[in-house]
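J.: Structure below; questions to follow.
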Amino acid sequence: MNLIPKILFTALSVVAIAACQQKEETTTRTSFFDKSGMDTTVSPGDDFFTYANGKWVKETKIPDDQTGWGSFNTLYEENLQKTKSILIEAAASDAKAGSIEQKVGDFYASGLDTTTIDKLGYEPLKAELAKIEAIKDYKEALNYLAASPGNPGGKFIGYYVGADDRQSTINRINFGQAGLSLPEKDYYTKTDESTKKIRAAFLNYAAKLFTLVGVDSLSAKTKANTILTFETTLAQSHKEQADLRDPVANYNKFAVADLTKQMPNLNWRALLNTMKLINVDSVLVGQPGYYKALDKALPTVPISELKDKLIFDLLDENARLLSEPFEKARYEFYGRTLYGQPKQADRWKRVTQFVDRGLGEALGQLWVKKYFPAEAKERMLTLVNNLQKVYRERIEKLDWMAPETKKVALVKLDRFVKKIGYPDKWKDYSDVTIKRDDFYGNVQQTYIHHVKEDFAKINKPVDRAEWMMTPPTVNAYANPTNNEIVFPAGILQFPFFDKDADDAINYGAIGMVIGHEMTHLFDDQGRQYDANGNLRDWWTKADAERFNTKTQAVVNQYNNFTVLDNLHLNGRLTLGENLADLGGITLAYQAFKLTKQGQGTEKIDGFTPDQRFFLGFAQVWRTKVRDESLRVRVATDPHSPDKFRVNGPLTNFAPFYAAFNVKPGQKLYKPEVQQAKVW
Ligand SMILES: [Zn+2]
């Protein structure tokens, strides 16, 4: 499935949540930069990330139930503790049936009721397994998938419902490449040791799931091999991760009648009808190549093998909701092997995630009432407006952009929608019934709710007030089709933002995050959308060429970063994020220079205002990641690893050179003509 919005960072893993217990209420902070975490034996001009964070990196042990640890995780963990206290209170209260307190409280309680869950084993899936057993050919298999209420299309059919890129006021259903269990296509073919180990572990995992539902171990092994072979076939039709970033190449509108003709085995009309999308006559298909390959493959796969894949997908998707052996098998593969996480996170953390995902805005209402002060919203809005002003000045002064392109760029900038904290109106969950003793059923209810909500939007006007993240989320996003930037309540806390911190810290931290999101709307993807959020070329040819030359320099710069042994960053995959990081630090610095502290010389903790600004920035990105997790990130994550999110942009930023006296010969030094400057 595609991600529409550009998020600030990608969660470190699909399974991991933080370990150490923290006090729920934080006391008033007096220090806003961790000087003791610096490594001053390293020169800032050689490696600023390590200069600012080196001692912390050396001394910090990643908690066993984590795939990485750092500023994001610490805050995430604090928010999780806050969420937990809300859930415990709701679960203990005698809330009225159907109230949001009853729903979130009982959902949480049902997930912690492992006695019931373990007793049930895989009972909740038996009806589905029987349906799969009864399937006679691939047409029935497709029919079964399309009819699954909580997850129509299963793993074969990936889709999302969102704004039509070329008509951003209307929602469409958009189908994308899917069908794989491993993180991306190269995992099926790479022959290095670490990937081979992952494929071997995947075979063990798949076989284990089959034995848990009563298949003998020899047959289970055969079935596991079949699944890997089939997924390898599908993987060959997948686009590279970096190629998914081209909004024009991935925009393909089809009349359903044409698609049905082109892919008769998939029979799109029948598929959509079974999904109860009878009136949908046209759809978007992000990567038609995948569906063509699936269309071709389906009749050639023996039905018993196709059924094995359906069974595996069903077990894999739901293992976390079943008894301990299923849950553990899933963690062993995805958590331990793929992401290198030595210990599974506590159950309450995993259950809390399900509540957040399933009933996000019900839980979110309770969360912001208790934990989000109204003044934070005001202060944040001021910061955003200051950065927007700076961006305007910078665009006006750009020496590489023609006046006619600038004019449209400024209209787009002026029309930015800013969402801060939480939505103005909350989503309604009245169709979701939550029972205290049915964890599996509760999760299904929330899935069904979301599918219903999504399907009701198709071909209808876009609700521009809608949010794509829940309020406690430690993240932010830019959404080009809405021309908006969004900052959930969860991120508006230390070390990103603190009302008592000095401007150097706040501008280096949340200021840079705001600038990062703003730049996304003008990065290599975002720039292709106009002020109304439509994918439409509003650039002169010469300006577009100059932009591409500038950004190619950034691609080359990041291609040269080595992450692990001989593993390099993918400059194309990470281009949008790297541009946003560079734009973010540039805008935040200029806005900081408008403040009293930014214009002064008074030192704090021994650092000048400018030095402190850069240190505050580096502190936000201080993170340690396990090697296994790093490998997955380099292959799939459009964000660069955190060290490069600090050192990468600073290499191109003259005020950093001035603040820390960076000289020729130092590792981060580049002559001015070679420094990348875009916005
Ligand atoms: Zn981003």
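J.: Over segment 427-516, calculate the relative contact order: mean separation of alpha carbon pairs under 8 Å at least 6 apart, over the residue count, as a percent.
T.: Computed value for segment 427-516: 15 percent relative contact order.
J.: What does the charge dipole of the chain about its Cα centre add up to, to the nearest 20 debye, if the Cβ of each Lys and Arg holds +1 and the Cβ of each Asp and Glu holds -1?
T.: 720 debye
J.: Counting only protein chains, not ligands or nucleic acids, how are Thr586, Thr222 ordered by accessible area (probe 1.4 Å), most first?
T.: From most exposed to least exposed: Thr222, Thr586.
J.: Further question: Give me the percent relative contact order of segment 38-190, please, defined on Cα pairs under 8 angstrom at least 6 residues apart.
T.: Reported relative contact order: 8 percent.
J.: Could you put Asp118, Asp47 in order of accessible surface area, largest first, with the 1.4 Å probe and the full protein assembly present?
T.: Asp118, Asp47
J.: Could you check the spin-label model distance between Thr233 and Glu393? Points 7 Å from the Cα along Cα→Cβ, value in nm.
T.: About 6.2 nm, to one decimal.
J.: Give the carbon-plus-sulfur fraction of the accessible surface of the chain in %, rounded to a whole number; probe 1.4 Å, heavy atoms of protein chains only.
T.: In the chain, the share of accessible area belonging to carbon and sulfur is 52 percent.
J.: Pairs Lys197/Lys221; Lys35/Lys58; Lys96/Lys427; Lys131/Lys223; Lys276/Lys296; Lys343/Lys370: which are spaced more than 23 Å apart, C-alpha to C-alpha?
T.: Where the Cα-Cα span goes over 23 Å, the pairs concerned are Lys276/Lys296; Lys343/Lys370.
J.: Between Ala200 and Lys596, what length comes free when the chain is fully extended (0.36 nm per residue of separation minus the Cα-Cα distance, one decimal in nm)?
T.: So the extension gain works out to 136.6 nm.
J.: Could I ask something else about it? Quick one: grab the alpha carbon gyration tensor of segment 399-555, order the square roots of its eigenvalues as a ≥ b ≥ c, and give me rounded if a/c is under 1.5, else prolate or oblate depending on whether a/b is larger than b/c.
T.: Oblate.
J.: Any chance you could run the full-extension gain for Asn279 through Ala130? It's 0.36 nm times the residue separation minus the Cα-Cα distance, nm to one decimal.
T.: Full extension of this stretch gives 50.6 nm more.
J.: Taking a probe of 1.4 Å, how large is the accessible area per residue of the chain, in Å²?
T.: 40 Å²
J.: Right, another one. So how strong a dipole does segment 347-492 carry about its Cα centre when Lys and Arg Cβ are +1 and Asp and Glu Cβ are -1, to the nearest 20 debye?
T.: 260 debye
J.: Can you tell me how much longer the chain between Lys541 and Glu672 gets when fully stretched, taken as 0.36 nm per residue apart minus their C-alpha distance, in nm with one decimal?
T.: Length gained between Lys541 and Glu672: 44.5 nm.
J.: May I pose another question? Could you list the residues of segment 414-448 with an amide nitrogen less than 11 Å from a label point located 7 Å from the Cα of Glu123 in the Cα-to-C-beta direction?
T.: Backbone N within reach: 438.
J.: Moving on. Angle, helix 360-371 long axis vs. longest principal axis of the chain, Cα atoms, 0 to 90°, nearest 10?
T.: Compared with the principal axis, the helix lies near 40 degrees.
J.: With a cut-off of 8 Å between alpha carbons and a minimum separation of six or more residues, what is the relative contact order of the chain in percent?
T.: Here the relative contact order equals 22 percent.
J.: Quick one: angle between helix 138-147 and the longest Cα principal axis of the chain, in degrees between 0 and 90, rounded to 10, please.
T.: Here the helix axis deviates by roughly 60 degrees.
J.: Give me the net charge for the shell around Gly150: Cβ to Cβ below 15 angstrom, other residues only, Lys and Arg +1, Asp and Glu -1.
T.: For residues surrounding Gly150, the net value is -2.
J.: Got a sec? Charge dipole of segment 374-516, +1 on Cβ for Lys and Arg, -1 for Asp and Glu; which of Leu383, Ile505, Asn442 is way out at the positive end?
T.: Result: Leu383.
J.: So, counting K/R as plus one and D/E as minus one, what does the shell of residues with Cβ under 10 Å around Ile170 add up to?
T.: +3
J.: I would also like to ask the following. Net charge around Lys377, counting only other residues with Cβ within less than 11 Å of its Cβ (Lys, Arg = +1; Asp, Glu = -1)?
T.: Cβ neighbours under 11 Å give a net charge of +1.
J.: Also, quick follow-up: Name the aspartates and glutamates eligible as straight-distance cross-link partners of Lys603: C-alpha to C-alpha under 15 Å, and not fewer than 8 places from it in the same chain.
T.: Counting by Cα, and skipping residues close in sequence, Lys603 has these aspartates and glutamates nearby: Asp502, Asp503.
The values are calculated or read from the model by the stated rules, or taken from the named source; none is laboratory data. Everything quoted here is computed from the prediction, not taken from an experiment. Cβ coordinates were reconstructed from backbone atoms using ideal geometry, including for glycine residues, and neighbour counts include every protein chain displayed. Only protein heavy atoms, including side chains, enter the accessible area calculation; ligands, DNA and RNA are left aside. Shrake-Rupley method; radii C 1.70, N 1.55, O 1.52, S 1.80 Å.
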